[in-house]
Every structure is written in C-alpha cells, then in structure tokens.
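Enquirer: For reference, the structure I am asking about is given below.
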Amino acid sequence: MLGLKATMTIIDNSGALIAECVNVLKRKTGHGMATVGDEIVVVIQKARPLTAATAASTSATSVKVRRGDIRRAVVVRTKKEVQRPDGRLIRFDDNAAVLLNAKKELLGTRINGVVSADLRMKGWGKIASLAPKVI
C-alpha cells in the first residue's frame, strides 16, 4: 500500500533511481492507497547523472528522465503484504515501480529485479514478461 509521499525505487533502465508518489490514479476504494499493479503519478527524486558521452549519443540506452520530472508509473513491489486468492501473503523488501510514457507503454526496455505475479492479473503482462523473475 503506497500513499502520498511514498518513496520507491525505479527498476527499469529509464535512468531514474528513486521516485516519490504524488497521486494514485483510478482507485475508487482504498482511500488513495496504491497496491501492486496500480498506476500512480511520481516525481523523480534521483536519476543517473547525464554525462557528456550520453548527451552526445542518441542511442536507446541514454537517460530518458531527469530529476524533478513528473511521470506515470506502475507499482510492481510493495513492502505491505498482499493476500493472494489461495490465502498466501506476499511481501517484498522494498517498494518498486516501473515508469510509463503517455501511451501507457514502458519507458525503459529492461526490468532489473523481481516483480509480483499479480501484475499479469491486472493487465500488465508486458512488465511480467520482461522481468527476470516473477513471484
């Protein structure tokens, strides 16, 4: 459960490292709290530095975001446990998200880390397929 001002790591290769939640989108219940698979609005708090070499190159691996950018993201891991339909409780060590563009497509091309299997049930199968491990 992530609310306003919650910080999370960004686990794609878009260039962002840490983001802060400023709004939870399209949640009728939960009183403004986001869980795995929910779309949120984040502000980038920390990003990879933009070097002269990456600024000159126009490759796909260049940094796509900067500090202070406002972006949409999907929550992929939460510290708060989530109950599965079979009764198991799933909890992760940190909060994590993946950045999206305006068309609700992934901003990065890779995902570095474990994601929750609940993403597939909520319509984010592309994220689950790119992740190295799904729990």
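Enquirer: Which residue pairs have Cβ atoms closer than 8 Å, lie 6 or more positions apart in sequence or on different chains, and pair a first residue in region 55-82 that is within 22 Å of Asp118 (Cα to Cα) and of a type in the set (S, T, N, Q) with a second residue that is modelled with pLDDT under 95 and open to solvent by 50 Å² or more (accessible area, probe 1.4 Å)?
Expert: Short answer, once both residue conditions are applied: Thr78/Met1.
Enquirer: State whether the residues of region 14-26 include one that is surrounded by fewer than 22 Cβ atoms within 10 Å (Cβ to Cβ), outside any strand (DSSP E or B) and in contact (Cβ under 8 Å) with a residue 60 or more places away in the chain.
Expert: no
Enquirer: Quick check on my filter: what residues within region 81-124 are surrounded by 14 or more Cβ atoms within 10 Å (Cβ to Cβ), in a loop (DSSP other than H, G, I, E, B) and more than 15 Å from the chain's Cα centre (by Cα)?
Expert: Selection gives nothing.
The values are calculated or read from the model by the stated rules, or taken from the named source; none is laboratory data. Just so you know, these numbers come straight off a predicted model, no measurement behind them. Because the Cβ atoms are built from the backbone with ideal geometry, glycine has one as well, and the counts that use them run over all protein chains shown. The accessibility values were calculated without ligands, DNA or RNA, using every heavy atom of the protein model including side chains. Shrake-Rupley method; radii C 1.70, N 1.55, O 1.52, S 1.80 Å.
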